[in-house]
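Asker: Next up is a structure, given as structure tokens.
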Amino acid sequence: MPIRKIAVCLILALISLSPFLPIRKISASGTKLFLDPPSVVDGTYNAGSNVTVTLAVTDVADLVAYEVKIHYNNTVLNVINATRPIGSILEPRISPNNCFTPKWELKNDFNATHGRIWLSLTLLSPETARSGSGPLARITFQILSTGDTAITLEETKLVDKSANAITHEIQNSYFNNDTPPVPNPPIHDVAVLDIIPASSQTYIGDILEVTVAVLNKGNTNESLNVILYCNNSFVAIEQTKDLRAGAQYALIFHWNTSGIAEGNYTLKALAVLISYEANTEDNTNSSHRIQMIPKPASVDFSKNWLDWLLVILLALSIALLILWFPFKRNTKKRGSSNPDSVAPPNKDSPSSPADPSKNMQAQTFLVLKVSAHWSNKVKL
């Protein structure tokens, strides 16, 4: 135990007196003691939030101890804590008690303008010297105000297992929250969501309304052209301007189907590629099949009007006959039931009146004959 205390005292004495003693410096090309990240410049860091930097070393050989002082503007930052992170290059491996921290001081009021962090640590026997790269401490600051400050390393010392100073470079850090937030990089991405025809079956020659739904999946407004195809044949093109990021829009196409052959067709919509668009897989969409059928033959009443007139006259004649026979039957029944009724005149008498039924039949025959005559004439 006394030997251990003596070793600790000797190492501490060497570290504290190193500026005044002729200690041989061991050149270790590439060894660097630094704060990571080298800069934090972000306007989204507000007063009250925290920012963390890591003290680390790279490419060191036989390291057993270090000492460092860190200064910062205490009107912008205040240190909250400094800890040895898990996986520190000087983490004791045999026992957690095999290290000594002569200084672990956090002082935000070091002077009127600056705070100071004073850290030092030494590995104790039987721990062995360490080589390589890794963290030494993790330091958390609280942001007090908007501004900027350098976070500087001063009076830094690295010591090897032979109590020799290890030469090294240093890299400071910098904090600034007095800048506008860094905007997100623009994302250009549009998609065709759906194609909705007004009908899945339409007559050739009709105007078919087709709705195409598009979506701006990026973070900037976009103006885009959308082309409608039928079986890969161009139909029409429509445009939307300044479609907001995240917004949908329905484009309406009016497709004149004249000249389209009868059959089944597939509609396809394509959002024309925009500049810097990376995802193009959803720029195309196809609809269900639609069927084109011919229009049924239409009746043109302006032609063959005389034929239609004859048909109407024939229908009227048949209707009169249907109405006449019940009337005649009722008249006969009333005449036979009346005993005082006058005997009907002799058929051969020239003065007897004509039979009404025969007159109606004669008229109907005449109408039918005239109709047939005009029909034959029109056909000729």
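Asker: Any idea what log10 I(q)/I(0) is at q = 0.23 Å⁻¹ for region 190-293, Debye with uniform C-alpha scatterers and no solvent?
Answerer: Result of the Debye calculation: -1.16.
Asker: Over the Cα atoms of region 125-168, what radius of gyration and what Dmax do you get, in Å?
Answerer: Answer for region 125-168, Rg first and Dmax second: 16.0, 48 Å.
Asker: Can you list the HN-Hα couplings for region 31-46, worked out from phi with the Karplus curve (6.51, -1.76, 1.60; θ = phi - 60°), rounded to whole Hz and with x for Gly and Pro?
Answerer: Using θ = phi - 60°, the values come out as 5, 9, 10, 8, 9, 10, x, x, 7, 10, 10, 7, x, 7, 7, 9 Hz.
Asker: Just to confirm a number: summing +1 for Lys and Arg and -1 for Asp and Glu over residues other than ILE117 whose beta-carbon lies under 14 angstrom from that of ILE117, what do you get?
Answerer: +1
Asker: Further question on the same structure: Averaged over every viewing direction, what's the projected area of the C-alpha convex hull for region 132-259? Give it in nm², one decimal, please.
Answerer: Here the figure is 16.2 nm², rounded to one decimal.
Asker: If we sort 67-77, 227-237 on the protection proxy, mean other Cβ atoms within 10 Å, highest first, what's the order?
Answerer: 67-77, 227-237
Every read-out reported here was derived from the displayed coordinates using simple, explicitly stated rules and does not represent laboratory data. The structure presented is a predicted model; accordingly, all values stated were derived computationally and were not measured. Here the Cβ is made from the backbone with ideal geometry for all residues, glycine too, and neighbour counts use every protein chain on show.
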